[in-house]
Amino acid sequence: MRGSLAIILLLLGAYSWSHEPIFGLGPRTIFKGGVGLENAYERGDREEGIATEVLYGITEDLSFTAVVFNTFKDGTEAFGVRLKYRVWKRDTPGIQDAFSVIVGLRNEVREDRTMGLFGLAVGRESRRWYFFGDIRMSGKLFLDGAVGIRPWLTEYLKPDLVLLSELNWESDGSYRAFFVSPAFFFTYRNVAVKGGVQIPSYRSDEAIRRGVGTRSTLSVEFHF
């Protein structure tokens, strides 16, 4: 009985908050009927503003997300919706592996352009280590990988910190850019504070001309 309880608490401690990379997408879905609300300050590529994201769990394996990005200068810059379907999940004590498919739409207000979104995301979460990878296409091609570590193994319902190191690549056919991105994910009960910085390590001439450079984000997220 005590052994079973220990395993349950271990899994709850690891997955009461499913973590995600900061600049990519992971395979996580929220629990059925769950609601997530996130507000993020974002800065980069000559723009800064607030991105608001609402997440809803349609089922345990299917979640819906709506996002809107408002710049401080010009108001609403973009908005979009997406569905994420977790097609595979494997749980072992203290470890969860998952693979998800993402589809959606994104509207660029200034350019009056609507684009489709298609992506694949895979991840492994454990008590100590996190691994993520994704590929996405939405006007640009994105390739992302991330490794995370929990430096201190805290108890369930205690403050928890995960440090992430991400690699991000993007291209729209005319330019290419590669970023190294340190990030963090801090949680306490149903609240998360997360952020990071994308530091360009390679930019094509066209990327430099367009002003592709250092980007940063800091957000607060609530789950209900």
For D112 and S201, extending 7 Å from Cα along the Cα-Cβ vector and measuring point to point gives, in nm, a value of 4.2
Along principal axes, largest first, the alpha-carbon spread of segment 2-223 in whole Å comes out as 61, 34, 29
Rounded to the nearest 500, the 222 nm mean residue ellipticity computed for the chain from DSSP H runs (n ≥ 4, each -39500 (n - 2.57)) alone is -2500 deg cm²/dmol
Measuring from the longest principal axis of the C-alpha atoms of the chain, the long axis of helix 2-15 (C-alpha) lies at a number of degrees, nearest 10, equal to 10
Counting sequence-distant residues (5 or more places) and residues on other chains, those with an amide H built under 5 Å from that of E60 are K32
For the pair L161 and L141, the simple spin-label estimate (label points 7 Å beyond Cα toward Cβ) gives in nm 3.8
Computed for segment 60-120: size of charge dipole around the Cα centre, +1 on C-beta of each Lys and Arg, -1 on C-beta of each Asp and Glu, debye to nearest 20, value 80
Length gained, S174-S126, 0.36 nm per residue minus C-alpha separation, equals 13.4 nm
Sequence order, segment 204-216: Karplus ³J(HN,Hα) from phi using 6.51 cos²θ - 1.76 cosθ + 1.60, θ = phi - 60°, Hz rounded, Gly and Pro as x, gives 5, 4, 5, 5, 5, 4, 7, x, 5, x, 5, 10, 9
HN-Hα couplings for segment 98-113 via Karplus (6.51, -1.76, 1.60; θ = phi - 60°), in whole Hz with x for Gly/Pro, come out as 8, 9, 9, 10, 10, 9, x, 9, 9, 10, 8, 5, 4, 8, 6, 9
The rounded separation in angstrom of the Cα centers of segment 119-148 and segment 43-76 is 19
Ranked on Cβ counts within 10 Å of their own Cβ, fewest leading, M115, M137 go M137, M115
Ranked by GNM mean-square fluctuation in the chain (Cα springs under 10 Å), the top entry among E155, E42, E111 is E111
Taking 0.36 nm per residue of separation between I208 and R43 and subtracting their Cα-Cα distance, the length gained on full extension comes to 57.7 nm
Quick calc: nm separation of the 7 Å Cα→Cβ label points for V101 and Y56 -> 2.3
For K140, the lysines lying under 25 Å Cα to Cα, once residues fewer than eight places off in the same chain are dropped, come out as K73, K84, K194
Hits in segment 202-221: amide N under 18 Å from the 7 Å Cα→Cβ extension of T76, namely none
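Can you tell me the dipole magnitude for the chain around its Cα centre, using point charges on the Cβ only (Lys, Arg +1; Asp, Glu -1), in Debye to the nearest 20?
With Lys and Arg at +1 and Asp and Glu at -1, about 520 debye.
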Neighbour-count ranking for I95, I102 (other C-beta within 10 angstrom, fewest to most) reads I95, I102
For segment 32-130, the Cα-Cα pair-distance distribution in 5 Å bins from 0, as whole percents, is 3, 11, 17, 18, 19, 14, 9, 6, 2, 1
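Every number here is computed from the coordinates shown, using simple stated rules; none is lab data. The shown structure was predicted, so the numbers you read here are calculated from the model rather than taken from an experiment. Using ideal geometry, Cβ is built from the backbone for each residue, glycine included, and neighbour counts are taken over all protein chains shown.
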